[in-house]
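Written below as structure tokens is the structure these notes are about.
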Amino acid sequence: WKGVAGGLVGALGAVAVYAAMRSPAIDAIGASEFTGLIVSRAAAYLIFGVVGGWSTQVLEGSLDKLELYDEIDDETGLYNARHLLNQLDLESARARRYQTLFSVVHLELPTSAFASLKARERRSVLRDLGRLLGESVRNVDHVVHARDGSVHHLAAVLPETAGEGARVFRERFDARIREYLSGRGVSVPDSPEARALTVPGDDDALRSVRETFAAIDARQHR
């Protein structure tokens with residue numbers, strides 16, 4: 001608790017408790033017999049408290065940093081909502097500067113579709129789905145998964161991809177997900193299908209998708 005300061009306070013408390021426990025023997029035999037033992041124990045407690053407090057402080061800082069820069073989804077191994085936000089900002093800036101385009105494919109799956117699966121099966125299905133989708137796209141594409149409680153959001157950011165290419169990808173993306181999940185006992189509803197958005201052109205719709213993922217990211221990284 002409280003890093004080095006907390007470790008020091010804890011160590012001093014441990015020294016006091018140890019000395020109190022030894023007080024009957026000290027009264028009976030004399031303090032000189034226990035001086036070396038108490039000093040060595042006190043030094044050990046102080047070193048342990050200070051070093052342990054410092055180590056905890058460093059570890060907490062590392063965990064905070066990891067949380068700040070984490071862009072991997074724990075459930076699927078795909079990218080998470082924060083990564084999608086960063087990629088949308090990057091692709092939007094590149095599209096404005098170089099007059100290029102990019103597309104995003106977005107699919108929503110209700111969490112109720114997985115209700116028939118046990119917790120372990122559900123984790124396995126999501127992890128395998130993430131592996132399947134990650135291996136089925138180009139190296140430059142970014143596949144994302146995020147969950148807001150009632151909906152699983154699956155999205156793919158496709159750099160340098162026009163509308164027609166995005167529609168083809170959407171059909172394959174949608175079909176691949178539904179085929180895999182239905183084979184694992186997940187009841188996927190026929191609607192809604194995946195959406196394909198291209199920028200420039202679908203800027204307003206993409207802004208709505210971005211707001212959805214931004215809300216998820218805000219909850220995940222308070």
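The values are calculated or read from the model by the stated rules, or taken from the named source; none is laboratory data. Everything quoted here is computed from the prediction, not taken from an experiment. Quick reminder, even Gly has a Cβ in these numbers, built from the backbone with ideal geometry, and neighbours come from all protein chains shown. Quick note on the areas: whole protein, heavy atoms, side chains included, nothing else; ligands and nucleic acids left out. Shrake-Rupley method; radii C 1.70, N 1.55, O 1.52, S 1.80 Å.
Using only C-alpha atoms and all pairs of different ones, pull out the Kirkwood radius for the stretch 156-212 in Å with one decimal.
12.6
Normalise the Debye intensity by I(0) for the stretch 123-176, one equal point scatterer per Cα, no solvent, then take log10 at q = 0.13, 0.19 Å⁻¹ and round to two decimals.
-0.34, -0.71
So, taking all protein chains as they sit and a 1.4 Å probe, how much accessible area belongs to V17, in Å² rounded to tens?
Using a 1.4 Å probe on the heavy atoms, I get roughly 90 Å².
Which shape class, rounded, prolate or oblate, goes with the stretch 49-174 when its Cα gyration tensor gives a ≥ b ≥ c as root eigenvalues, a/c under 1.5 marks rounded, and past that a/b bigger than b/c marks prolate?
Because a/c hits 1.5 or more and a/b fails to exceed b/c, the stretch 49-174 counts as oblate.
Among 116-128, 148-160, what's the highest-first ranking by average C-beta atoms within 10 angstrom per residue?
Descending packing order for the listed peptides: 148-160, 116-128.
Would you mind working out the magnitude of the charge dipole of the stretch 105-214 relative to its Cα centre, with +1 at each Lys and Arg C-beta and -1 at each Asp and Glu C-beta, to the nearest 20 Debye?
640
I'd like the Kirkwood hydrodynamic radius of the stretch 15-65, using the inverse of the mean 1/r over distinct C-alpha pairs, in Å.
Evaluated on the stretch 15-65, it is 12.8 Å.
What is the helix-to-structure angle for 81-98, meaning the angle in degrees between its Cα long axis and the longest Cα principal axis of the chain, kept from 0 to 90 and rounded to the nearest 10?
Orientation of helix 81-98: about 50 degrees from the principal axis.
T35: accessible area at probe 1.4 Å, nearest 10 Å²?
Around 70 Å² of this residue is reachable by solvent.
Report the full-extension gain for the segment D74 to V58: residue separation times 0.36 nm, less the Cα-Cα distance, to one decimal in nm.
The D74-V58 span can extend by a further 3.4 nm.
If I stretch the segment between S23 and A115 completely, what's the gain in nm (0.36 nm per residue apart, minus their alpha carbon distance), one decimal?
Gain on extension, S23 to A115, equals 26.9 nm.
Return one whole number: the accessible area per residue of the chain in Å², for a 1.4 Å probe.
Ligands and nucleic acids excluded, the result is 59 Å² per residue.
With a bin width of 10 angstrom, please list the P(r) values of the chain as percents of all Cα-Cα pairs, from the 0 bin to the one holding the largest distance.
Computed distribution, short to long bins: 7, 25, 22, 12, 9, 10, 8, 5, 2, 0.
Could you state the angle between the C-alpha long axis of helix 35-69 and the longest principal axis of the C-alpha atoms of the chain, as a value from 0 to 90 degrees rounded to the nearest 10?
Taking Cα atoms only, the helix is inclined about 10 degrees.
Find how much the distance from R41 to S208 grows on full extension, using 0.36 nm per residue of separation minus their present alpha carbon separation; answer in nm with one decimal.
Contour length minus the Cα-Cα distance gives 53.9 nm.
Quick one: Debye curve from the alpha-carbon atoms of the stretch 1-101 only, equal weights, vacuum; give me log10 I(q)/I(0) at q = 0.14 Å⁻¹ to two decimals.
-0.72
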